[in-house]
Amino acid sequence: MAKSIKIRAKIKGDTTTVKCLMTHPMETGLRKDKKTGKPIPAHFINEVVAESGGKTVMTSNWSAGVSKNPYLSFAFNGGAKGDEVKISWTDNQGGSDSGTAKIS
């Protein structure tokens, strides 16, 4: 899968707010293909991990109930301007992706 994570990270005081948009179909496995009538296989992100300064700052476990092209926002303490934030995800079919952004 191509690079599919857009990330912004901004610091205000001691709190870094991270916003990211991930491109992913997020199929539940419950829908049927309109042309064939066959079920569309489940295909969804099941883990998202955020790292900054060599430490994990957020871990999230998802299920098929999350919408297509999910948006994620979270905040953490301890970042600094210029530090890098890395967001990585894995899905239930073995796919993965990651992206980075500098804290501004």
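Here is how the numbers come out for the structure above:
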| item | result |
| --- | --- |
| Surface per residue (accessible, 1.4 Å probe) for the chain, Å² | 62 |
| Relative compactness, the range 18-72, computed as alpha-carbon Rg over 2.2 N^0.38 Å | 1.43 |
| Cut-off 12 Å, label 7 Å out along Cα→Cβ of Ser4, residues of the range 18-49 by amide N | 22-27, 43-46 |
| Most mobile listed residue (Pro39, Pro25, Pro70) in the chain, GNM with C-alpha springs under 10 Å | Pro39 |
| Linear extension gain, Ile40 paired with Lys86, 0.36 nm per residue minus alpha-carbon span | 13.5 nm |
| The chain: most fluctuating residue of Ile11, Ile87, Ile40 per GNM, C-alpha cutoff 10 Å | Ile40 |
| Share of carbon and sulfur in the accessible heavy-atom surface of the chain [1.4 Å probe, %] | 50 |
| With eigenvalues of the C-alpha gyration tensor scaled by 5 and rooted, the chain, Å | 31, 11, 11 |
| Fluctuation leader among Gly65, Gly54, Gly37 - the chain, Gaussian network, Cα springs under 10 angstrom | Gly37 |
| Where trypsin sites (Lys or Arg not before Pro) fall in DSSP loop in the range 18-74, at most 15 other Cβ within 10 Å | Arg31, Lys34, Lys35, Lys68 |
| The chain, relative contact order [Cα under 8 Å, separation at least 6], % | 35 |
| Set Lys68/Lys102; Lys32/Lys86; Lys32/Lys55 screened for pairs whose C-alpha atoms are more than 32 Å apart | Lys32/Lys86; Lys32/Lys55 |
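The values are calculated or read from the model by the stated rules, or taken from the named source; none is laboratory data. Keep in mind that this is a model prediction, so the values were computed, not measured. Cβ coordinates were reconstructed from backbone atoms using ideal geometry, including for glycine residues, and neighbour counts include every protein chain displayed. Note: accessible area is taken over every heavy atom of the protein model, side chains too, but ligands, DNA and RNA are not part of it. Shrake-Rupley method; radii C 1.70, N 1.55, O 1.52, S 1.80 Å.
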